[in-house]
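My questions will all concern the structure given below.
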Amino acid sequence: MNLLRKSLVLFSFVTLMTFNVSAQENKQSFEIIEGEFLLNGYPITIHSGEMHYPRIPKEYWRQRFMMMKALGLNAVATCVFWNYHNTAPGVWDFETGNRNLAEYIRTAGEEGLLVILRPGPYVCAEWEFGGYPWWLQQNKELVVRTNNQPFLDSCQQYYSRLADQVKDLQITKNGPIILVQIENEFGSYVDQREDIPLSEHRDYYQAIQQMLLDVGFKVPFFTSDATSLFQNGSLPQVLPTANGEGDISNLKKCIDTYYPGGPYMVAEYYPGWLDHWGEDFVTVSPEESVGQVRKYLENGVSFNIYMVHGGTNFGFTSGANYNSESDIQPDLTSYDYDAPISEAGWATSKYLLLRQEYQRFSQEPLPDIPIPIPVINLPSVQFNKTVDFFDWKNRISPVKANNPLCFEDLNQGSGYVLYSRQFTQPIQGTLEISGLRDYALVYVNGEKIGELNRMMNIYTILVDIPSNGTLEILVENMGRINYGAEIVHNKKGIISPVTINDVEITDNWEMYPIPMNTPPDPGKSTESNTPGKPAFYFARFDLQQTGDVFLDMSHWGKGIVFVNGHHLGRYWNIGPQQTLYLPGCWLKEHENEVVIFEQQNDTPQKELLSSPVPMLKDLRKK
């Protein structure tokens, strides 16, 4: 029996010991000794999958854990998203809905999975601002991800709150948490921020490590980076793990350099990849994934599949990247990731092939694959009311200032802001907003004249404003950058002067904050729907039975959808995503409510349809 088979058999035995509620206190342990992970004294090879609790409805957590067990995994890794729990200064939520992290961890343990905790404070993960609360930027003295005291003080508050929730779920307390990560991919940030002295980087890194110790994390720590970045991404006496490393000999060589003898672990193996609006959906073939996992299995390498199940970026939680060609690359609402378990929790062909490979290395039959959650088609949903956005916004009291204010100065984190200014004299020429963050529709006297788009580096447009005319600019935050040096420049809205023909337009600006975290109420707004004007669509529909739904948004323009109060996220007809995933657990038998905010509204809609399958690869515009 080789080391891998031996560890799998031993795991089956020790798992029963670990999660036996009658086990005596202080009998459970997880250690790194002489190049091995030891669970209760027995060698174990970690076969983990990454899955994030905010991206899956709480009602589906257990089913997804069962999918992971049926795949052959023995652990789940999850990031902890600071901004998901700390939505405003002094406001914390670890209890409601998907935010109940402790319940997520306990449920994983109940299903026989160990837990790897990745608490950041920076997590990346294609998540809004990499996990940081947007309002940190309101403190002009605070700089994220540095040895900056206001930032460290905020981190300390976060870690203390987090520890209150999960420290008793460590294996030292007979819980399932066996490993905790320090920061995330910090070596890459050191590489990107050569303007910061290396000693400052190191002081920050060690301060984060000490905080984790101080708040009560007692299980082994680890760091995670590309092997080429271990020099600045590792810490003394802490296990370095690799991201995206497929070469076993290089993995062992690099880990041995900083942690002689291992154990050897790939903390992020990518069976797919992240996806952006306006770009092709990225795929990795099932055969390629199986071939790489086979190498890990044959060589006794521990690994974590990032992502084994991606889920969905509900609401405004998706982040963004950037590159030399695009000032921002907003992530899709779907976080399908071409993962083995699809966005809706289905076993893909990749899952089935990987399961066969795991079964080949296991002496015990794997659990049966759970029955998939049924998918239903909605009847054609007819709208009972449509409301003109410009009429609706009149209920909002605008903020007045001499210059446009950014979201943060308006005490707003996400959604939209309508910037409005009346001109007493006519003016025509080139309107420029170099500090647009991120997408804007521009109107003169209520008529749409075009769009500005940071993703496409479009910051200018011709305008012709008559005497006593009104310029209106509806700006959308498309998600804060979550990776790279630009993470420190993440304010939203209009963050620069607005100019026409290079002359700054000042005085008499009005700003209407529209966070849109909850469904808008039509109130007594007059029913109206004009092509080219943003509109709200309201409808009710009855169901005799519930099930998962894929809303077909392929005929719409750009906007967001709420169903029964749940914010499903953004849609945008440029693709590649053309459907929105609606979990069946959020539907009700009999009456349901849907609200759609359609920003472009070039073609007013009469009905909402569904699709029997997701449409994630229909790219219409680059």
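Quick one: angle between helix 3-18 and the longest Cα principal axis of the chain, in degrees between 0 and 90, rounded to 10, please.
Computed tilt is about 80 degrees.
Oh, and also: With every protein chain present, what is the per residue accessible area of the range 43-160 (1.4 Å probe, Å²)?
With all protein chains present, the range 43-160 gives 26 Å² per residue.
Just the accessible area per residue of the range 342-437, please: how many Å² with a 1.4 Å probe?
47 Å²
Tell me the per residue accessible area of the range 512-622 using a 1.4 Å probe; a whole number in Å² is fine.
40 Å²
What FRET efficiency comes out for the pair Q359/R62, r = Cβ-Cβ distance, R0 = 25 Å, nearest 0.05?
For R0 = 25 Å, the calculated efficiency reads 0.65.
Looking at the square roots a ≥ b ≥ c of the eigenvalues of the Cα gyration tensor of the chain, which shape do they give, rounded for a/c under 1.5, prolate if a/b is larger than b/c, or oblate?
Note, shape of the chain comes out prolate.
Each residue of the range 500-509 in turn: what ³J(HN,Hα) in whole Hz from Karplus with 6.51, -1.76, 1.60 and θ = phi - 60°, glycine and Pro shown as x?
After applying 6.51 cos²θ - 1.76 cosθ + 1.60, I find 10, 6, 6, 9, 5, 9, 10, 6, 6, 7 Hz.
In terms of modelled amide H atoms, which long-range or inter-chain residues lie less than 5 Å from the amide H of S610?
Amide H neighbours of S610, under 5 Å, 5+ apart: L378, D552.
Compute the relative contact order of the chain as a whole-number percentage, counting only Cα pairs closer than 8 Å that sit 6 or more residues apart in sequence.
Answer for the chain is 14 percent.
Follow-up question, since we're still on this one. For a quick check of understanding: with a 1.4 angstrom probe and all protein chains in place, what accessible area in square angstrom does L580 have, to the nearest ten?
Surface accessible to solvent at L580 totals approximately 0 Å².
Here is a follow-up. How much of the accessible area of the chain, in percent, comes from carbon and sulfur atoms when a 1.4 Å probe is used?
Taking all protein chains in place, the chain shows 48 percent carbon and sulfur surface.
Provide D164, D368 ordered by accessible surface of protein heavy atoms (probe 1.4 Å), highest first.
The ordering from most to least exposed comes out as D368, D164.
Assuming R0 = 25 Å, can you tell me the calculated FRET efficiency for the pair D256 and T283, based on Cβ-Cβ distance, to the nearest 0.05?
0.15
Ordered by packing density, taken as the mean number of other Cβ atoms within 10 Å over each peptide's residues, highest first, how do 597-609, 512-524 rank?
Top of the packing list down: 597-609, 512-524.
Moving on. Angle between the Cα long axis of helix 198-214 and the longest principal axis of the chain, 0 to 90 degrees, nearest 10?
70 degrees
Can you compute the helix-only [θ] at 222 nm over the chain? Use -39500 (n - 2.57) per DSSP H run of at least 4 residues, normalise by all residues, nearest 500 deg cm²/dmol.
Rounded to the nearest 500, it is -6000 deg cm²/dmol.
Exceeding 31 Å between C-alpha atoms, which entries from my cross-link table qualify? They are K491/K621; K393/K491; K140/K173; K253/K617.
Table pairs above 31 Å Cα-Cα are K140/K173; K253/K617.
Report relative contact order for the range 218-259 in percent, whole number only (criteria: Cα-Cα under 8 Å, sequence separation at least 6).
40 percent
Same structure again: Tilt of helix 61-71 relative to the longest C-alpha principal axis of the chain, in degrees (0 to 90, nearest 10)?
50 degrees
Give me the percent of DSSP beta bridges within the chain that run antiparallel, rounded to the nearest 5.
Expressed as a percentage, antiparallel bridges in the chain total about 75.
Given a Förster radius of 30 Å and the C-beta distance between K295 and I33 as r, what FRET efficiency does 1/(1 + (r/R0)^6) yield to the nearest 0.05?
0.75
From the square roots a ≥ b ≥ c of the eigenvalues of the alpha-carbon gyration tensor of the range 430-543, which class results: rounded (a/c under 1.5), prolate (a/b over b/c), or oblate?
It comes out oblate by the Cα gyration axes.
What nm value, rounded to one decimal, do you get for the distance between E325 and E504 when each label is placed 7 Å out toward the C-beta?
The two pseudo-label positions are separated by 3.5 nm.
The values are calculated or read from the model by the stated rules, or taken from the named source; none is laboratory data. Keep in mind the model is a prediction, meaning the values are calculated, not measured. So basically every Cβ, Gly included, is an ideal-geometry build from the backbone, and we count neighbours across all protein chains shown. Accessible surface areas use protein heavy atoms only, side chains included; no ligands, DNA or RNA. Shrake-Rupley method; radii C 1.70, N 1.55, O 1.52, S 1.80 Å.
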